[in-house]
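The values are calculated or read from the model by the stated rules, or taken from the named source; none is laboratory data. Computed from a predicted structure; not experimentally measured. Reconstructed Cβ throughout: ideal geometry from the backbone, glycine too, with neighbour counts over all protein chains shown.
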Amino acid sequence: MLEMKVMGIAIDTRTGSPIVVLHDLENRKALPIWIGSAEASAIIRKIENISVVRPLTHDLIIDIIEKTGYIIDRVEINDVEKDTYFADICLKDKKGENEIRIDSRPSDAIAVAIRADVPILIGTSVMAEGAISVNSQKEEEEAQEFKSFIQNIKPSDFGKILGQNNESDQ
């Protein structure tokens, strides 16, 4: 498995759907995964360190897990079938003796992982199916342009783009 980090969120210009983009630690491969607007908003809130008064769903999940005697060890995006990705949130008891795997949508697993500051691991078959190379000069320039675009996106942009008002989540 390959460890990846969240590069950011982009919008599919054809469909208006959010895409979470993961990249490997050497910035040689990127993996785009189409996700829902609520999950995109949750990921952006964490990336931009936007705090809310009450815990959101992914914060609540982490709190429940920790209060039951487990910790989140990692998330794994381990399979893809017909453009649908599959993930597990991997828990360990606080002694590190027992592991539990919880089936999850990748978007939720990623939102949990960035909040819990745990590794996001991608299976080799998933990388072979969906990863793109960012090695060439042109690809590097496009990747830099994309990174610049992502750094300027705000959660409120999703309401504008999708014709919704996401501020009710706060």
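What the table below lists for this structure:
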{"item": "Helices (runs of 4 or more DSSP H) (entirely within segment 58-161) containing at least 1 residues that are at pLDDT below 80", "result": "137-151"}
{"item": "Unmet requirement for Ile62, which otherwise passes all of (1) of a type in the set (A, V, I, L, M); (2) more than 24 Å from Gly123 (Cα to Cα); (3) free of Cβ contacts under 8 Å to residues at least 60 places away in the same chain; (4) surrounded by 15 or more Cβ atoms within 10 Å (Cβ to Cβ)", "result": "(2)"}
{"item": "Residue ID - surrounded by the fewest Cβ atoms within 10 Å (Cβ to Cβ), chosen from residues in segment 80-123 that are of a type in the set (Lys, Arg) and touching a strand residue (DSSP E or B) at 6+ places or on another chain (Cβ under 8 Å)", "result": "Lys94"}
{"item": "Pairs with Cβ under 7 Å, 6+ apart, first in segment 97-116 and free of Cβ contacts under 8 Å to residues at least 60 places away in the same chain, second aromatic (Phe, Trp, Tyr) and surrounded by fewer than 21 Cβ atoms within 10 Å (Cβ to Cβ)", "result": "Ile100/Tyr70"}
